[in-house]
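Participant: The structure's right below; bear with me while I get my questions together.
The values are calculated or read from the model by the stated rules, or taken from the named source; none is laboratory data. Everything quoted here is computed from the prediction, not taken from an experiment. Neighbour counts are summed over all protein chains in view; Cβ atoms, including those assigned to glycine, are modelled from backbone coordinates with ideal geometry.
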Amino acid sequence: MTDQSLADTLPDGVVVTDGDGVVTLVSSVAARMLGTGPDDVRGRPLPEVLRLQGQAADWATHNRPFEGLRTRTGIPEQAWLLPDGTEVLVAARLHRTERLGPVTSMAITLRSGRGRARLDRERSDLVATVAHELRSPLTGVKGFVQALINRWDRLNDDQKLLMLHTVNADSDRLSRLIAELLDVARIDTGRLQLYPRPADAGALVSRIVESVAAGTATEVRLEQEADLPPVMVDPDKFVQVVTNLVENAVRHGDGVVRVTVTRQAVPASADGPPGVQVTVADEGEGIPRELRRRVFTKFWTSTGGGSGLGLYIVNGLVRAHRGTVTVDDAPGGGALLTCTWPGVPAELA
């Protein structure tokens with residue numbers, strides 16, 4: 001494979017020069033970004049090829065790659081604009097034949113700035129969402145604490161108790177939001193830690209339904225098969241996922257919420273152990289088909305309330321267990337969310 005064909009296989013654009021700043025190679029991706037052909041620029045000075053707008057007249061003049069300290073090995077990534085106004089991220093690696101000798105060649109990479117722009121938007125959305133979600137309970141906590149401090153002698157015990165209960169509830173809300181943000185960070189960075197072990201899915205779901213039903217007027221019904229196989233899960237994460245699904249159905253759905261636990265019809269692999277399937281259905285309006293692809297993305301909410309991180313975390317936790325989670329229509333109308341959990345391997349059963 002030639003140097004040109006190898007460079008053309010790379011996802012980022014590449015421009016290579018010799019020690020005099022003369023272009024010796026331009027990949028097809030870089031040529032397309034710069035609006036030229038790979039053969040048209042070979043042998044030309046770098047400033048004529050790398051026509052970027054931004055911090056200086058041109059990238060080479062701003063960074064002076066062939067001058068400066070002999071210990072310099074590269075130029076960090078910087079944002080520049082292509083001739084058509086598109087942002088591109090540019091970095092370079094300096095090569096020296098002899099240690100502390102002059103630069104003999106340089107490889108420059110050009111990467112589209114769209115990924116960074118998307119990341120910046122996600123960060124802005126996160127900041128806006130967190131600020132909005134934090135402001136409401138913090139305002140309540142601040143207001144009631146201030147009232148208790150300023151009017152302690154004029155408040156009776158019932159009023160004090162009501163204020164303290166409200167502060168406690170708002171504090172719990174803040175704690176849940178912080179826990180959600182930590183989960184999102186761990187999922188995004190691949191640092192989510194699981195401690196799977198054989199568990200009784202039926203018993204765990206039964207306790208979840210009992211707990212949720214005790215705190216709501218909505219009827220929550222549980223149906224589960226007998227002799228369910230054990231599942232290989234982190235019990236805490238399993239409880240977190242199923243609790244989130246049931247509470248979402250209670251909060252956003254209508255009518256009776258039905259939770260069903262059954263043996264998984266098709267194991268995750270042909271020779272794998274049977275797992276368990278948990279479905280949560282409500283009798284509300286459901287989720288339109290065109291919106292279902294967005295349900296498990298960050299900040300998606302059906303009503304505009306909440307952080308919009310719950311189902312994103314659900315999807316991340318289920319996938320980390322090598323399970324699946326899907327959205328469909330419930331038989332009687334409403335939303336039907338189904339998640340599958342792996343069975344226990346034979347050697348651990």
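Participant: Tell me which residues, restricted to region 64-84, are over 19 Å from P47 (Cβ atoms) and over 29 Å from the mean Cα position of the chain (by Cα). Quick ask: steps written out before the conclusion?
Facilitator: Here is the first cut: in region 64-84, the ones over 19 Å from P47 (Cβ atoms) are 69-74, 76-77.
Passing the criteria: L69, R70, T71, R72, T73, G74.
Participant: Moving on. Of all residues in region 5-55, count the ones that are over 36 Å from the mean Cα position of the chain (by Cα) and not charged (D, E, K, R). Please lay out each step first, then the result.
Facilitator: Initially, region 5-55 is screened for residues over 36 Å from the mean Cα position of the chain (by Cα), giving 17-25, 36-49.
Checking the rest, the ones that are also not charged (D, E, K, R) come to 17, 19, 21-25, 36-38, 41, 43, 45-47, 49.
Result for region 5-55: 16.
Participant: So, one more: State which residue is surrounded by the fewest Cβ atoms within 10 Å (Cβ to Cβ) when the search covers only region 140-178 and only residues that are of a type in the set (K, R) and out of contact with any helix residue (DSSP H, G or I) (no Cβ under 8 Å at 6 or more places or on another chain).
Facilitator: Let us first name the residues in region 140-178 that are of a type in the set (K, R), namely 142, 151, 154, 160, 173, 176.
The next check asks that each one be out of contact with any helix residue (DSSP H, G or I) (no Cβ under 8 Å at 6 or more places or on another chain); those that pass are 142, 151, 154, 176.
On the way: K142: 12, R151: 12, R154: 8, R176: 14.
In this case the residue turns out to be R154.
Participant: Follow-up. Looking only at region 255-271, decide whether some residue is touching a Pro at 6+ places or on another chain (Cβ under 8 Å), of a type in the set (G, A, S) and either assigned by TED's automatic domain parsing to the domain that holds L309 or surrounded by fewer than 17 Cβ atoms within 10 Å (Cβ to Cβ) (or both).
Facilitator: Yes, there is a match, as at least one residue in region 255-271 is touching a Pro at 6+ places or on another chain (Cβ under 8 Å), of a type in the set (G, A, S) and either assigned by TED's automatic domain parsing to the domain that holds L309 or surrounded by fewer than 17 Cβ atoms within 10 Å (Cβ to Cβ) (or both).
Participant: While we're on this one: Filter region 217-237 down to the residues that are loosely packed, with under 12 Cβ neighbours inside 10 Å, of a type outside the set (D, E, K, R) and over 19 Å from V250 (Cβ atoms) and list them by number.
Facilitator: A226
Participant: Given the conditions (1) hydrophobic (A, V, I, L, M, F, W, C); (2) at pLDDT 85 or above; (3) assigned to a loop (DSSP other than H, G, I, E, B); (4) over 25 Å from R114 (Cβ atoms), report the number of the one that M1 does not fulfil.
Facilitator: So M1 meets the others, but not (2).
Participant: Condition first: in a helix (DSSP H, G or I) and either of a type in the set (A, V, I, L, M, F, W, C) or within 22 Å of the chain's Cα centre (by Cα) (or both). Can you find one or more residues in region 193-202 that meet it?
Facilitator: Taking region 193-202 as the starting set, the residues that turn out to be in a helix (DSSP H, G or I) are 201-202.
From what's left, either of a type in the set (A, V, I, L, M, F, W, C) or within 22 Å of the chain's Cα centre (by Cα) (or both): 201.
Looking for residues that are in a helix (DSSP H, G or I) and either of a type in the set (A, V, I, L, M, F, W, C) or within 22 Å of the chain's Cα centre (by Cα) (or both), one finds at least one in region 193-202, hence yes.
Participant: In the list D58, D120, which residue meets the criterion of being closer than 30 Å to L181 by Cα, modelled with pLDDT under 85 and either surrounded by 12 or more Cβ atoms within 10 Å (Cβ to Cβ) or within 30 Å of the chain's Cα centre (by Cα) (or both)?
Facilitator: Exactly one of D58, D120 is closer than 30 Å to L181 by Cα, modelled with pLDDT under 85 and either surrounded by 12 or more Cβ atoms within 10 Å (Cβ to Cβ) or within 30 Å of the chain's Cα centre (by Cα) (or both), namely D120.
Yes/no per residue for (1) of a type outside the set (D, E); (2) closer than 30 Å to R263 by Cβ:
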{"position": "R118", "(1), (2)": "yes, no"}
{"position": "R123", "(1), (2)": "yes, no"}
{"position": "E133", "(1), (2)": "no, no"}
{"position": "S136", "(1), (2)": "yes, no"}
{"position": "E180", "(1), (2)": "no, no"}
{"position": "R191", "(1), (2)": "yes, no"}
{"position": "E210", "(1), (2)": "no, yes"}
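Residues checked against (1) within 26 Å of G316 (Cα to Cα); (2) without any contact (Cβ under 8 Å) to a residue 60 or more places away in the chain; (3) among the aromatic types (F, W, Y); (4) in a helix (DSSP H, G or I):
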residue: D170; (1), (2), (3), (4): no, yes, no, yes
residue: R173; (1), (2), (3), (4): yes, yes, no, yes
residue: I178; (1), (2), (3), (4): yes, yes, no, yes
residue: V205; (1), (2), (3), (4): yes, no, no, yes
residue: A213; (1), (2), (3), (4): yes, yes, no, yes
residue: L222; (1), (2), (3), (4): yes, yes, no, no
residue: P229; (1), (2), (3), (4): yes, no, no, no
residue: D236; (1), (2), (3), (4): yes, yes, no, yes
residue: V241; (1), (2), (3), (4): yes, no, no, yes
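Participant: For region 248-268: of the residues being over 27 Å from the mean Cα position of the chain (by Cα) and under 9 Å from T218 (Cα atoms), which is modelled with the lowest pLDDT?
Facilitator: In this case the residue turns out to be D254.
Participant: Do any residues in region 271-283 that are at positive phi have Cβ atoms under 6 Å from those of residues that are part of a strand (DSSP E or B) and at pLDDT 95 or above, where the two are at least six apart or on different chains, and which pairs are they?
Facilitator: Note: no pairs meet the criteria.
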